Amino acid sequence: MALSTLDYAILIGFFVLSLLIGLAVARQSGKNTESFFLSGRNMPWWLLGISMVATTFAADTPNFVAGVIRENGVYGNWIWWSFLLTGMVTVFFYSKLWRRSGITTDLEFYELRYSGKSAAFLRGFRAIYLGVFFNIVIMANVCLAAIKIGHVMFGFNEFQSLFIACSVTVVYSMLGGLRGVLLTDFVQFIIAMVGSIWAAVYIVNHEKVGGLSTMLAAPELEGKLNFLPDFTNWEVVVPLLIVPLAVQWWSVWYPGAEPGGGGYIAQRMLAAKNEKHATWATLFFNFAHYALRPWPWIIIGLASLIVYPDLISLQTAFPDMNPDFVRNDLSYPAMLRLLPAGLLGLVITSLVAAFMSTISTHLNWGSSYVVNDFYARFITKDASEKSKVLVGRISTLVMIVLAALLSLVLEEAIEAFNLLLQIGAGTGLLFILRWFWRRINPYSEITAMLVSFLIAVFFFINNRMHAPFVVMETHWQLVTGVVITTIGWILVTFATQPSEIKTLEAFESLVFNNESKFENFRFKFLALIMAIVGVYCVLFATGFFIYGNLFAGALLTSIAAVCVIVLIRFKEKY
């Protein structure tokens, strides 16, 4: 694809701006680990919330959504829309608890909540397991999207795309710490939203699509526009609706949707000015992530079915591309070839911004584990602040190199999504209950982590074999992992002793502020229901307005307004 001078100017200008932000805050961020990883714990809710949204707006996310649309239709998105329940539970029951803890990373929680050498082992092991290995898998999936976008837009091979996409990101991440990440996230989010909305409007009105009404009436979209699957077809209803809503949301650990909070979401709650800022930041994130952002991607995914109705047409359009990479998730970058100069540059910049936002967050989050929960805790306990920041910067560089290499063996975004779900299957309930159930101990967590990982590895290898040991659909693999893992850690919980009573009492005194664990529980539960209903109503009202169903759109908007009023009315109670 031939990009104009204007397109290149927009893209290069964004690169320069990102580097300047990193350089501008480098000195302040490098003072100590609290500045580098938590930006001094004085960040406002709106900046933290936007950063959370920008981070989950990865370069692979539009590709993933477009791929889901092509395979299953709009209702296929329930496999990730269901995580709204998880997110809202974190908002109303856990965000304040995280901020009160005063810890630097969510892994520090282990030695706050548990006692003994097993707690220390768990903290150190998960620092490497999550911060390095699991984190690299996540970043590799984002790098896979960069490979596909780089080939479609610039004709780059895999190595050229990875080198260009990763080099600028790793530089400002190493320099600016979390403060640099937050500030660049703010700019990236604005560019990404403007680019995706503008692109959707232009593509729908392109001559190859024919306008919104023509697109919606196209035979290629028959059955693809529904918000819910056909309930007479249980082969679709079970994996795409029942399993996500009945099992997946509470039982699976997934980055950005951790039951009870965790990872980079916890990092931003810990960086908030106070408890209220932590709560509002997480609430804004869940609203924007599930209701504000998806429709431009959905529209482009639907339009792609008209322009590229099948994989053969995609392969024909990109004959020089490795056939292993030609999957449905290629349709999103392929559709961007319809954009004119200027807008193309903005949209490419928005995808680059999305890539950089996600990668920079995961690099800073992962290096915080390496430094705070492994290096300073077990290797050099008396390490200076300067040396810890240096280790953080080195680990940042190492992780991005490993993620880029791993991306070369992946093929499609949905593949990595399912792998991550399977690895975390069965651990979610533990993360929800460990704040309240004293019996849970480090051995419960170790069991859940190991069992879920071994099951995931088994199914991953099994699925790659020409003659698999077990023939089982992906959703039943997930349910199997949830059942076995949950039973395993519960049995170990009852077979082992809980942590020391003084540790438990000190933990509860700190995070529950000497109040009952269930203080204002009914108000929190009411707020939870209102927030979930409100966000889903906004999501589907937007869809109905796009479809031209004004009555349904207005009705859902009214229900959402009632939910907002209730949330405001009882805001002091949760």
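A few comments on the model shown:
- For the stretch 349-476: rounded, prolate or oblate by the Cα gyration tensor [a/c cutoff 1.5]: oblate
- Axis angle, to the nearest 10 degrees, between helix 60-72 and the longest C-alpha principal axis of the chain: 60 degrees.
- Taking only protein heavy atoms and a 1.4 Å probe, the accessible area of the stretch 1-158 is 63% carbon and sulfur.
- For Ser4, nonlocal amide neighbours, meaning residues 5 or more places apart or on other chains whose placed amide H falls under 5 Å from its own, are Gly342.
- Computed [θ] at 222 nm, helices only, for the chain once each DSSP H run of length n ≥ 4 contributes -39500 (n - 2.57): -21500 deg cm²/dmol
- Electrostatic tally near Lys273: other residues with Cβ closer than 11 Å to its Cβ, Lys and Arg +1, Asp and Glu -1, net +2.
- Angle between the chain longest axis and helix 385-407 axis [Cα atoms, degrees, rounded to 10]: 40 degrees
- Here the stretch 437-574 exposes an accessible surface that is 70 percent carbon and sulfur, computed with a 1.4 Å probe and the other protein chains kept in place.
- Pairs beyond 19 Å (Cα-Cα), from Lys273/Lys502; Lys96/Lys273; Lys96/Lys388; Lys148/Lys224; Lys502/Lys573: Lys273/Lys502; Lys96/Lys388; Lys148/Lys224; Lys502/Lys573
- Inter-label distance, nm, simple model (7 Å from Cα along the C-beta direction), Leu504/Lys386: 4.6 nm
- Sorting 263-273, 492-502 by their mean Cβ neighbour count within 10 Å, with the most densely packed peptide first, gives 263-273, 492-502.
- Relative to the longest principal axis of the Cα atoms of the chain, the long axis of helix 5-29 makes an angle of roughly 10 degrees.
- Centre-to-centre separation between the Cα atoms of the stretch 242-314 and those of the stretch 464-527: 21 Å.
- Å² of accessible area per residue within the chain, as computed with a 1.4 Å probe and no ligands counted: 38 Å²
- Simple label model, 7 Å out from Cα along Cβ direction - Glu235 to Glu71, nm: 1.5 nm
- Listed options for percent of Cα pairs over 30 Å apart are (1) 57; (2) 46; (3) 50. The value calculated from this structure is the one marked (3).
- Straight-line cross-link reach from Lys381 at under 24 Å between alpha-carbon atoms covers these lysines, not counting any fewer than eight positions away in the same chain: Lys31, Lys117.
- Peptides ranked, highest mean first, by Cβ atoms within 10 Å: ranges 48-55, 362-369: 362-369, 48-55
- The stretch 352-376 and the stretch 80-131 have their alpha-carbon centroids 16 Å apart.
The values are calculated or read from the model by the stated rules, or taken from the named source; none is laboratory data. Bear in mind that the values here come from a model prediction, so they are computed numbers and not experimental data. Every residue, glycine among them, receives a Cβ derived from its backbone with ideal geometry; neighbour counts consider all protein chains shown. Side chains are part of the model used for accessible areas, which takes the heavy atoms of the whole protein and leaves out ligands, DNA and RNA. Shrake-Rupley method; radii C 1.70, N 1.55, O 1.52, S 1.80 Å.
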